[in-house]
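Asks: First the structure, then my questions, so here it is.
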There are 2 protein chains.
Amino acid sequence: MNSVVILGSGNVANHLAQAFIDAQEIELIQIYCRDKEKLNHWSKKIDIIDDLTQLKTADVYIISISDDAIKGFSKTLKIKDSLVVHTSGSVSINGLKGDYEKGVFYPLQTFTKSKKVNFKDIPICIETISKNQLIKLEKIASAISNNVFIIDTEQRKKLHLSAVFANNFVNYLYSISNEICDKNNIPFEILHPLILETASKIKSSNPTEIQTGPAKRNDKKTIQKQLKQLNGNQKEIYKLLTKSIIKKYN
Amino acid sequence: MNSVVILGSGNVANHLAQAFIDAQEIELIQIYCRDKEKLNHWSKKIDIIDDLTQLKTADVYIISISDDAIKGFSKTLKIKDSLVVHTSGSVSINGLKGDYEKGVFYPLQTFTKSKKVNFKDIPICIETISKNQLIKLEKIASAISNNVFIIDTEQRKKLHLSAVFANNFVNYLYSISNEICDKNNIPFEILHPLILETASKIKSSNPTEIQTGPAKRNDKKTIQKQLKQLNGNQKEIYKLLTKSIIKKYN
């Protein structure tokens with residue numbers, strides 16, 4: 001049975017810990033965190049340490065900390081032979097600095113602290129330098145997810161960029177939509193089914209082929225009317241996205 | 001039992017027809033369309049006409065045609081006393097021109113021809129000039145949906161604008177995300193769970209409060225790296241949305 005140690009205490013680290021505890025084929029033997037108290041909720045189930053000299057021997061060490069800290073932290077690990085991976089979408093595999101085998105274990109999902117996720121549905125993008133390590137990492141990833149993809153550092157950068165559009169920017173558009181509703185005493189709930197259906201359509205359709213709306217139709221009258229109702233950043237965003245959609249489809 | 005006639009043959013007209021057929025409390029007595037062949041699939045169940053002089057007497061007439069055509073078409077209806085409504089998000093209640101009672105019956109959802117929808121979940125925004133007609137229209141809307149909202153023309157304009165952000169523009173961001181994946185041989189399916197979860201979060205959280213990403217963190221290093229990977233419209237959109245998010249949160 002493969003043994004795993006997690007290093008970190010954030011959302012991803014916590015959700016991964018739960019997924020490994022639930023998985024029969026993997027043994028989560030330790031979690032490291034500078035501030036042990038942050039992991040008190042695990043202390044009855046797993047060995048929690050705040051001192052790297054107490055690190056147990058494991059097959060895979062998963063570093064799940066902020067992107068900027070990965071390089072510096074990875075240098076301090078006195079690990080040989082074993083595989084060390086990070087969970088970042090934007091850090092290169094060579095962002096890991098040490099004498100160990102290197103890899104990436106990137107779960108592509110947005111995690112909320114309080115909300116339990118079904119890891120089986122979450123895509124995990126894996127990468128290693130050696131082929132043997134890839135087989136090991138694939139096994140570990142498959143123990144918690146049904147969607148494991150081999151994605152190299154260059155592809156991962158692009159994937160992370162795609163996710164900024166599909167997640168961060170999309171959520172920002174939701175917040176603009178919400179603001180317009182609030183300002184006009186309209187319950188934002190009216191838009192929930194539309195938002196969910198729009199997202200759900202990607203499962204069966206290419207978004208480029210199902211674009212709708214005033215910009216797609218180049219409906220200048222509606223566009224002008226809507227622009228008049230906006231100002232500031234919202235107006236700029238409406239203008240640019242509309243221009244871009246018109247250019248694409250007309 | 002209230003009787004309804006639908007005028008139109010588009011997606012909304014077809015989905016409404018199905019919903020009224022399924023509803024026990026409403027009698028759909030006729031559908032009008034200039035080109036009867038478009039409604040052949042209904043001809044065994046409902047009286048289909050292409051000649052307005054054959055219009056039966058009904059409690060409510062629902063005009064479900066393109067926004068630009070509503071005004072002209074509504075003038076040609078020789079209806080008195082009954083209620084005539086349109087289904088548009090962006091046309092004023094006074095866009096209806098005739099001697100009848102006027103109203104709006106706006107189902108806020110994105111409809112796909114081939115995909116059956118559960119109308120019960122779809123919000124219907126209603127408006128009338130007279131209060132008596134509002135009670136009648138509320139009854140009819142409630143027969144097919146559990147989400148009926150009274151929304152006046154001004155609010156409806158804003159709602160439609162919100163929907164452009166939350167549906168049209170969001171779908172356009174999906175298409176950019178998809179394009180980046182295609183260009184780099186990354187299966188877009190990897191992003192599906194993220195997209196669905198991002199949408200699903202609006203049910204429990206205010207999008208403004210759960211914004212994440214490089215722009216939210218004002219993570220200049222990542223932003224610069226990502227900008228270098230983009231060009232053209234995609235770069236402009238990344239820049240503007242990032243600037244706008246940084247301004248809002250920092």
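The values are calculated or read from the model by the stated rules, or taken from the named source; none is laboratory data. A quick note: this is a predicted structure, and the numbers were derived from the prediction, not measured. As a convention, Cβ positions derive from the backbone with ideal geometry for all residues, glycine included, and neighbour counts pool all protein chains shown. Accessible surface is based on the protein model in full, side chains and every heavy atom, while ligands, DNA and RNA are left aside. Shrake-Rupley method; radii C 1.70, N 1.55, O 1.52, S 1.80 Å.
Asks: Counting pairs of alpha carbon atoms under 8 Å apart in space and at least six apart in sequence, what relative contact order in percent does chain A give? Provide the component values of the computation, followed by the final result.
Replies: Working: 337 pairs, mean separation 30.4, N = 250.
Over chain A, the number comes to 12 percent.
Asks: Given all pairs of different Cα atoms, what value in angstroms does the Kirkwood hydrodynamic radius of the range A:1-93 take?
Replies: This gives a value of 13.4 Å.
Asks: Calculated from DSSP H runs of 4 or more alone, at -39500 (n - 2.57) each and per residue, what is the 222 nm mean residue ellipticity of the protein assembly as shown, nearest 500?
Replies: After summing the helix terms and dividing by residue count, I get -12000 deg cm²/dmol.
Asks: Every other copy gets compared here: list the nm distances from the residue B:112 label point (7 Å along Cα to Cβ) to its counterparts, shortest first, one decimal.
Replies: 2.5
Asks: On the Cα set of the range A:107-193, report Rg and Dmax in Å, please.
Replies: Rg then Dmax for the range A:107-193, in Å: 18.0, 59.
Asks: Please give every one of the lysines within straight-line cross-link reach of residue B:115, meaning a C-alpha to C-alpha distance under 17 Å, and leave out same-chain neighbours fewer than 8 residues apart.
Replies: Partners within reach: A:201, A:203.
Asks: How large is Rg over Rh for the range A:35-181, taking Rg from the Cα atoms and Rh as the Kirkwood inverse mean of 1/r across Cα pairs?
Replies: Working: Rg = 17.0 Å, Rh = 17.0 Å.
On the Cα set of the range A:35-181, Rg over Rh gives 1.00.
Asks: Once the cut-off is 33 Å, how many percent of the Cα-Cα pairs in the protein assembly as shown end up in the long-distance tail?
Replies: Of all Cα-Cα pairs in the protein assembly as shown, 48 percent lie more than 33 Å apart.
Asks: To continue, here is another question. What is the Rg over Rh value, at two decimals, for chain A, using alpha-carbon atoms and the Kirkwood definition of Rh? Provide the component values of the computation, followed by the final result.
Replies: Numbers: Rg = 22.3 Å, Rh = 20.8 Å.
Ratio of gyration radius to Kirkwood radius: 1.07.
Asks: In vacuo Debye scattering of the range B:90-138, one point per C-alpha: log10 I(q)/I(0) at q = 0.14, 0.16, 0.19, 0.29 Å⁻¹?
Replies: These q points yield log10 I(q)/I(0) values of -0.46, -0.57, -0.73, -1.10.
Asks: Roughly how much of residue A:1 is accessible, in Å² to the nearest 10, using a 1.4 Å probe?
Replies: 150 Å²
Asks: Then there is this: Given a Förster distance of 51 angstrom, what is the FRET efficiency for residue A:218 paired with residue B:99, based on the Cβ-Cβ distance and rounded to 0.05?
Replies: Numbers: r = 35 Å, r/R0 = 0.68.
According to the calculation, E is roughly 0.90.
Asks: To continue, here is another question. Compute from the Cα atoms of the range B:13-64 the Rg and the Dmax, the latter being the longest Cα-Cα distance, and quote both in angstrom.
Replies: Reported Rg and Dmax, both Å: 10.5, 29.
Asks: May I pose another question? Calculate how steeply helix B:153-163 sits against the longest principal axis of the alpha-carbon atoms of chain B, using the helix alpha-carbon long axis, and give the answer as 0 to 90 degrees to the nearest 10.
Replies: Result, in degrees: 40.
Asks: Same structure again: List the distances, in nm and shortest first, from the label point of residue A:139 to the matching label points in every other copy, placing each point 7 Å from Cα along the Cα-to-Cβ direction.
Replies: Ordered by increasing distance: 7.0 nm.
Asks: Given labels modelled 7 Å from the Cα in the Cβ direction, how far is it in nm from residue A:205 to residue B:203?
Replies: If labels sit at residue A:205 and residue B:203, their model points lie 2.2 nm apart.
Asks: Quick one: helix B:131-144 against the long Cα principal axis of chain B, what's the angle to the nearest 10°, folded into 0 to 90?
Replies: 70 degrees
Asks: So, one more: Counting each pair of different Cα atoms once, what's the Kirkwood radius of the range A:55-103 in Å, rounded to one decimal?
Replies: The answer is 10.7 Å.
Asks: Mind giving me the nanometre distance, one decimal, between the label points for residue B:154 and residue A:53, set 7 Å out from Cα along Cα→Cβ?
Replies: Simple spin-label model gives 7.2 nm for this pair.
Asks: Over the residues of the range B:111-250, compute the C-alpha Rg and express it relative to 2.2 N^0.38 Å.
Replies: In units of the globular-protein estimate, the range B:111-250 measures up at 1.39.
Asks: While we're here: Averaged over peptide B:145-156, how many Cβ atoms belonging to another chain are found within 10 Å of each residue's Cβ?
Replies: Mean shielding by partner chains, rounded to a whole number: 2.
Asks: Just the C-alpha atoms of the range A:171-229: what Rg/Rh do they give, with Rh taken as the Kirkwood radius?
Replies: 1.01
Asks: What nm distances, shortest first, do you get from the label point of residue A:80 to those in the other copies when the point sits 7 angstrom along Cα to Cβ?
Replies: Result, one decimal in nm: 10.1.
Asks: What is the residue of chain A with the smallest Cβ distance to the axis taking A onto B, and what is that distance in whole Å?
Replies: Measuring from each Cβ to the axis, the minimum is at A:199, 2.
Asks: Accessible surface of residue A:27 in the full protein assembly, 1.4 angstrom probe, to the nearest 10 Å²?
Replies: 90 Å²
Asks: Kindly state, to the nearest 0.05, the FRET efficiency for residue B:183 paired with residue A:139, given R0 = 30 Å and r defined as their beta-carbon distance.
Replies: The calculated FRET efficiency here is 0.45.
Asks: Could you order A:9, A:114, A:177 so the one with the most accessible surface comes first? Probe is 1.4 Å.
Replies: So the residues, ranked largest to smallest area, are A:114, A:9, A:177.
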